[in-house]
């Protein structure tokens, strides 16, 4: 069984806000080297790995994101205080008091001006307290991931953005018996609206595309009617902001899960744009489905997931690719 | 001055004909090839097609404007904004309506009829109308149709310490800077793309880039500037007099570091002042261009424009001239060293 603690911890610790995926790209390329042989990085920062099968039954594209939301320094005041703009979906009101980590290693603490009189906090009020001289305009930071494990529960700030990549990396080493040509795409700039992934496969066609991500889960079973929960198994996506999954793709995944006794949940994430959704509409269009790992996201910058969902997602993918 | 002619021309999104015609006439003698596409984008090809890289320089033709949506019985015109117009600044402004430039004034309820609570609130577009002096609907309809557009009737004028005021500097400063550059000779294949419908969602630039299929693109824009009395440096975005602003991040684009490095190198090698565009807000055609085909390395250079999207905007002409210099320096640098490097891991420039 995959050491999910080590794999997810490695992905979580790697630095990589959208457009600045340096660390996570290195983690993915290093991790793929021992599993699938090699990979390419395109000029947009996507990582692409291909595995060919003689007499393949068809072509499958598997996509997961590389990046996570972050902050960019837009102004540095004389006392060293840095003003920042968000890169991707970060909420200013959740950042006050949060520890952030810059690409160069500097640590900062986010604070807000105290003269906002109870009004809504936005990025105009936020600043990052950092030692003077440590950051410059254009530098980027992420919420310090603070990865930790407690039994089968993994905690980190960036799990919603890294769990998919961890599962695809694990899958890359377990494709024996797969009758398809498989292309792995680890996409850059996913968190800012799935911008770069589509560029990596421009002009290519695939028989099936699976977008691997995460979905917001309720903290425990029964907490909210209709919601998915950590530990309940992979979530077969019905729709996201950019995608309505066609029945035959869902049936393919449901059939694979049932045939192997893999627990699964059905889910939607109407607020998130995925690479899969963009790919479904690009050029001539592609048949796209999605599998999401349930992640509980707190109101603040912390999340957790259940390692059994990572394992079951991996098993579901293997099962689907052996159908 | 070309900037004056461009500024005073009417070019609402989708109605860019007047601006396109000026540029067509101006640049035809300097071009290898001039053509338009189905959307109305104007392409001017110059330079040496046998060399590389193929560079697309883009500026948008259109401006924020108004569209007539109803003609009242009284002969006044109800309208809606086309693009991001600040409704609070519209009242009592002079406009030209339709292709025949019918003069009009944006009117509102008279101050003596306003209730005290109304006086404290800005007018919304529903409260406003355009008065073209018509005595009734019938007379108005002889001059104006629903669907006609209106632009601000603002004359271009130099004033102050090297400043100019006028309308539509976003993005006629970019159009003028591109036109000046297109008249120069370069040993590179250059395509100057004057794009349509930027102000309503970057609609023209993507198809333009798809057609041109360049190796790299540079967008030239007018951008936010709030450097006036009472403004804090952190909120200014750009400051007039500090030169062209280089984009690092906006709502639609994370800057391509390879292009950014080359812009900085060109500026520093030639002693051209530059500044960072210090905000994640706003967007420009780079947002559409960089996502075309397999992705296009795209940069954005902007002239700071005070009171952008309003009836009267202000630019510093030195910033404009430094932008023109930077475009030439960037292209000369590419002539000498055409190889664009992949962004080095973790590298940034400041």
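Quick notes on this structure:
- Estimated inter-spin distance, residue A:298 and residue B:131, nm [label 7 Å along Cα→Cβ]: 6.1
- Extension gain from residue B:337 to residue B:139, taking 0.36 nm per residue of separation minus the Cα-Cα distance: 65.0 nm
- From least to most packed, judged by other beta carbons within 10 angstrom and beginning with the fewest, A:27, A:252, A:4, A:161 follow the order A:252, A:4, A:27, A:161.
- Tensor-based shape of chain B (alpha-carbon gyration tensor, a/c under 1.5 rounded, otherwise prolate or oblate): prolate
- The GNM of chain B, with springs linking C-alpha atoms under 10 angstrom apart, assigns the highest mean-square fluctuation among B:240, B:70, B:339 to B:339.
- Rounded to 10°, Cα long-axis angle of helix A:307-322 versus longest principal axis of chain A: 40
- Alpha carbon centroid spacing (whole Å) that separates the stretch B:277-338 from the stretch A:126-153: 31
- Two-site FRET efficiency, residue A:205 against residue A:91, from Cβ-Cβ distance with R₀ of 35 Å, rounded to 0.05: 0.35
- Here the simple spin-label model places points 7 Å from the Cα toward Cβ, and for residue B:92 and residue B:307 these points are separated by 1.3 nm.
- Spin-label pair residue A:251/residue A:308, simplified geometry with 7 Å Cα→Cβ offset, distance in nm: 3.0
- At q = 0.17, 0.30, 0.34 Å⁻¹, base-10 log of I(q)/I(0) for the stretch B:1-40 (Debye sum, equal scatterers on each alpha carbon): -0.48, -1.07, -1.15
- Springs join every pair of Cα atoms under 10 Å in this Gaussian network model of chain B, and among B:115, B:167, B:184 the largest mean-square fluctuation is at B:115.
- The stretch A:14-125 shape via C-alpha gyration tensor axes, a/c threshold 1.5: prolate
- With the convex hull constructed from alpha-carbon coordinates only, the stretch A:70-143 shows a mean projected area of 4.4 nm² over all directions.
- In degrees, nearest ten, helix A:247-260 long axis to first principal axis of chain A (Cα): 80
- Förster radius 41 Å - calculated FRET efficiency between residue A:120 and residue B:110 (Cβ-Cβ, nearest 0.05): 0.70
- Here the stretch B:236-257 is scanned for amide nitrogen atoms under 20 Å from the site 7 Å beyond the Cα of residue B:184 along Cα-to-Cβ, giving B:241-247.
- Largest GNM mean-square fluctuation across A:96, A:47, A:143, computed for chain A with C-alpha springs under 10 Å, falls on A:96.
- Take each residue of peptide A:259-265, count the partner chain Cβ atoms within 10 Å of its Cβ, and average: the result is 0.
- Cα centroids of the stretch B:141-190 and the stretch B:50-91: 13 Å apart.
- Here the Kirkwood formula, the inverse mean of 1/r across different C-alpha pairs, assigns chain A a hydrodynamic radius of 20.0 Å.
- Degrees between helix A:159-172 axis and first principal axis of chain A (Cα, 0 to 90, nearest 10): 40
- Prolate/oblate/rounded label for the stretch A:179-323 (Cα gyration tensor, a/c 1.5): oblate
- Averaged over the residues of A:74-80, the number of partner chain Cβ atoms lying within 10 Å of the residue Cβ comes to 4.
- Contour excess over end-to-end distance, with Cα ends at residue B:318 and residue B:74 and 0.36 nm allotted per residue: 83.1 nm
- The stretch A:246-323: radius of gyration and largest Cα-Cα distance (Dmax), Å: 14.2, 41
- Note on residue A:6 and residue A:99: with the Förster distance fixed at 35 Å, the Cβ-Cβ geometry gives a FRET efficiency of about 0.90.
- Here the extension length gained between residue A:53 and residue A:283 equals 80.2 nm, from 0.36 nm per residue of separation less the Cα-Cα distance.
- Each part gets one Cα centre, and for the stretch A:242-303 versus the stretch A:169-188 those centres are 17 Å apart.
- Calculated SAXS-style log₁₀ I(q)/I(0) at q = 0.12, 0.24, 0.26 Å⁻¹ - the stretch B:65-152, Debye, Cα scatterers: -0.33, -1.18, -1.33
- For the protein assembly as shown, taking Cα atoms only, Rg and Dmax work out to 27.1, 84 Å respectively.
- Calculated diffusion of the stretch B:178-308, Stokes-Einstein form, Kirkwood radius summed over Cα pairs, 25 °C and 0.890 mPa s, µm²/s: 159
We did not get these values from a lab; they are worked out from the coordinates using the rules stated. Since the model is a prediction, treat every value here as computed from it, not as a measurement. Positions of Cβ are generated from backbone atoms using ideal geometry, with glycine treated the same way; all protein chains shown enter the neighbour counts.
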